[in-house]
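As structure tokens, the structure follows; a few thoughts come after it.
The values are calculated or read from the model by the stated rules, or taken from the named source; none is laboratory data. Since we're looking at a predicted model, the values are computed, not measured. For neighbour counting, all protein chains shown are included, and Cβ atoms are generated from backbone atoms with ideal geometry for every residue, glycine included.
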Amino acid sequence: KGFNGKRALTVVEDRSGHQLPLAGLITAGTPLEAIETREMIEVPSSFVHPLNYVLRVKGDSMNGENIEDGDFVIIKKTNTAASGDPIVAYVNDEATLKKYYPAQDGIELHPQNPDYNIIHVSPNDDFRIGGIVLGVIRKY
């Protein structure tokens with residue numbers, strides 16, 4: 001839990017020599033296919049876990065959540081999330097980074113930038129959660 005509340009993200013600045021795999025690129029904007037790489041990214045030791053990985057963010061739809069274009073997000077691989085969690089979502093084989101909200105008629109994926117629309121996922125769509133955001137790494 002961060003100082004902004006129970007869902008606050010941690011901006012990671014400390015470099016410890018521990019690494020997680022950079023699994024690819026994720027859009028915070030219009031969904032696109034995830035791109036895989038074999039690069040490793042340094043992270044604090046508290047984030048090192050076999051289920052965790054890193055994605056580089058492309059786009060600005062999550063800037064209200066302090067996730068900017070070019071940032072790296074630390075992801076915990078899981079197929080479940082709580083309402084309001086920032087997640088990696090796969091919708092019809094396209095990946096995107098959004099906040100997750102279950103709805104009566106499916107799922108809503110909310111951007112954190114008013115320039116983008118909510119993505120409505122119907123029960124007919126192929127949807128899965130690829131993980132939840134644990135932290136953000138910003139390199140200057």
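Brief remarks on what is shown
- Some residue of the range 81-92 being of a type in the set (D, E, K, R) and modelled with pLDDT under 95: no
- Inclusion of residue 118 among residues that are surrounded by fewer than 17 Cβ atoms within 10 Å (Cβ to Cβ) and β-branched (Val, Ile, Thr) is warranted.
- Flag if residue 35 is at pLDDT 55 or above, surrounded by 16 or more Cβ atoms within 10 Å (Cβ to Cβ) and touching a strand residue (DSSP E or B) at 6+ places or on another chain (Cβ under 8 Å): no
- Single residue of 50, 114, 123 found to be part of a loop (DSSP other than H, G, I, E, B) and either among the acidic types (Asp, Glu) or in contact with a helix residue (DSSP H, G or I) (Cβ under 9 Å, 6 or more places away or on another chain) (or both): 114
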